[in-house]
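The values are calculated or read from the model by the stated rules, or taken from the named source; none is laboratory data. Bear in mind that the values here come from a model prediction, so they are computed numbers and not experimental data. Note that we place each Cβ from the backbone using ideal geometry, even for glycine, and neighbour counts take in every protein chain shown. Surface accessibility is based on the protein's heavy atoms, side chains included, excluding ligands, DNA and RNA. Shrake-Rupley method; radii C 1.70, N 1.55, O 1.52, S 1.80 Å.
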Amino acid sequence: MAQSRKDIIAWVGSQVLPHEAAVRAWLRRWTSREQDIDDVIQEAYCRLAAMEDITHVGNGRAYLFQTTRNIVLEQVRRSKIVRIDNLSDKSSSSIVDEAPPMDRVVSGART
(Lines give C-alpha, C1' and ligand atoms only; values in the text may rest on other atoms or scores of the structure.)
Protein backbone atom coordinates (compact mmCIF):
# COMPACT_ATOMS: atom_id res chain seq x y z
CA MET A 1 0.00 0.00 0.00
CA ALA A 2 1.28 3.46 -0.90
CA GLN A 3 2.35 5.77 1.86
CA SER A 4 1.24 9.36 2.09
CA ARG A 5 3.33 12.10 0.48
CA LYS A 6 3.59 13.72 3.88
CA ASP A 7 5.25 10.60 5.35
CA ILE A 8 7.67 10.30 2.44
CA ILE A 9 8.61 13.99 2.64
CA ALA A 10 9.18 13.69 6.37
CA TRP A 11 11.36 10.60 5.79
CA VAL A 12 13.44 12.38 3.15
CA GLY A 13 13.87 15.35 5.48
CA SER A 14 14.98 13.28 8.44
CA GLN A 15 16.75 10.28 6.89
CA VAL A 16 18.15 11.53 3.56
CA LEU A 17 18.64 15.29 3.57
CA PRO A 18 21.23 15.27 6.40
CA HIS A 19 23.52 13.16 4.16
CA GLU A 20 23.48 15.43 1.11
CA ALA A 21 26.83 17.03 2.01
CA ALA A 22 28.51 13.63 2.22
CA VAL A 23 27.08 12.63 -1.16
CA ARG A 24 28.24 15.93 -2.68
CA ALA A 25 31.75 15.32 -1.31
CA TRP A 26 31.73 11.82 -2.81
CA LEU A 27 30.57 13.19 -6.17
CA ARG A 28 33.35 15.81 -6.16
CA ARG A 29 35.85 12.96 -6.40
CA TRP A 30 34.31 12.07 -9.77
CA THR A 31 33.69 15.54 -11.19
CA SER A 32 34.63 19.06 -10.30
CA ARG A 33 31.73 20.62 -12.18
CA GLU A 34 29.27 21.85 -9.58
CA GLN A 35 26.48 21.87 -12.19
CA ASP A 36 26.92 18.12 -12.76
CA ILE A 37 26.78 17.49 -9.03
CA ASP A 38 23.64 19.63 -8.69
CA ASP A 39 22.03 17.70 -11.55
CA VAL A 40 22.75 14.33 -9.94
CA ILE A 41 21.46 15.50 -6.54
CA GLN A 42 18.31 16.91 -8.17
CA GLU A 43 17.68 13.66 -10.03
CA ALA A 44 18.18 11.68 -6.81
CA TYR A 45 15.60 13.79 -4.99
CA CYS A 46 13.18 13.43 -7.92
CA ARG A 47 13.51 9.66 -7.77
CA LEU A 48 13.04 9.63 -4.01
CA ALA A 49 9.99 11.89 -4.30
CA ALA A 50 8.48 9.54 -6.89
CA MET A 51 8.61 6.59 -4.51
CA GLU A 52 5.25 5.30 -3.38
CA ASP A 53 6.58 3.30 -0.46
CA ILE A 54 9.68 3.69 1.72
CA THR A 55 9.15 0.83 4.14
CA HIS A 56 11.69 -1.31 2.24
CA VAL A 57 14.45 1.26 2.88
CA GLY A 58 16.45 0.34 5.93
CA ASN A 59 19.08 3.08 5.75
CA GLY A 60 18.35 6.47 4.18
CA ARG A 61 22.03 7.37 3.83
CA ALA A 62 22.91 4.15 2.02
CA TYR A 63 19.83 4.48 -0.19
CA LEU A 64 20.81 8.03 -1.18
CA PHE A 65 24.37 6.95 -2.00
CA GLN A 66 23.13 3.99 -4.04
CA THR A 67 20.63 6.17 -5.91
CA THR A 68 23.27 8.76 -6.82
CA ARG A 69 25.69 6.01 -7.83
CA ASN A 70 23.07 4.54 -10.16
CA ILE A 71 22.42 7.97 -11.70
CA VAL A 72 26.14 8.53 -12.34
CA LEU A 73 26.47 5.07 -13.93
CA GLU A 74 23.45 5.75 -16.17
CA GLN A 75 25.03 9.03 -17.29
CA VAL A 76 28.31 7.28 -18.08
CA ARG A 77 26.51 4.60 -20.10
CA ARG A 78 24.55 7.22 -22.03
CA SER A 79 27.69 9.22 -22.80
CA LYS A 80 29.25 6.14 -24.44
CA ILE A 81 26.30 5.55 -26.77
CA VAL A 82 26.91 6.62 -30.34
CA ARG A 83 23.82 7.35 -32.38
CA ILE A 84 23.58 5.30 -35.55
CA ASP A 85 22.30 8.23 -37.62
CA ASN A 86 25.42 10.18 -36.62
CA LEU A 87 27.61 7.30 -37.76
CA SER A 88 25.84 7.03 -41.10
CA ASP A 89 26.26 10.76 -41.72
CA LYS A 90 29.99 10.61 -41.01
CA SER A 91 30.58 7.48 -43.06
CA SER A 92 28.73 8.83 -46.09
CA SER A 93 30.60 12.13 -45.97
CA SER A 94 33.93 10.34 -46.33
CA ILE A 95 32.89 8.67 -49.60
CA VAL A 96 34.28 10.50 -52.61
CA ASP A 97 32.14 10.50 -55.73
CA GLU A 98 34.44 10.58 -58.74
CA ALA A 99 31.65 11.22 -61.23
CA PRO A 100 31.50 14.70 -62.74
CA PRO A 101 29.11 17.15 -61.08
CA MET A 102 25.51 16.83 -62.20
CA ASP A 103 25.45 20.28 -63.89
CA ARG A 104 28.32 19.23 -66.18
CA VAL A 105 26.59 15.97 -67.03
CA VAL A 106 23.41 17.83 -67.94
CA SER A 107 25.16 20.55 -69.94
CA GLY A 108 27.21 17.93 -71.78
CA ALA A 109 24.05 16.07 -72.75
CA ARG A 110 22.59 19.23 -74.32
CA THR A 111 25.52 19.92 -76.63
Using 7 Å Cα-to-Cβ label points, what is the ALA2/GLN42 separation (nm, one decimal)?
2.5 nm
Determine the gain in length on full extension of the stretch ILE81-ASP53; use 0.36 nm per residue of separation and subtract their C-alpha separation, reporting nm with one decimal.
6.8 nm
Expressed as a percent, the portion of alpha-carbon pairs in region 1-84 spaced more than 20 Å apart is 37 percent
Can you send over the carbon and sulfur percentage of the accessible area for region 12-67, probe radius 1.4 Å, protein chains only?
51 percent
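Among 23-34, 70-81, how do they line up from the highest to the lowest mean number of other beta-carbon atoms within 10 Å?
Going from most to least packed, we get 23-34, 70-81.
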Result for region 22-69: accessible area per residue, probe 1.4 angstrom, in square angstrom, of 61 Å²
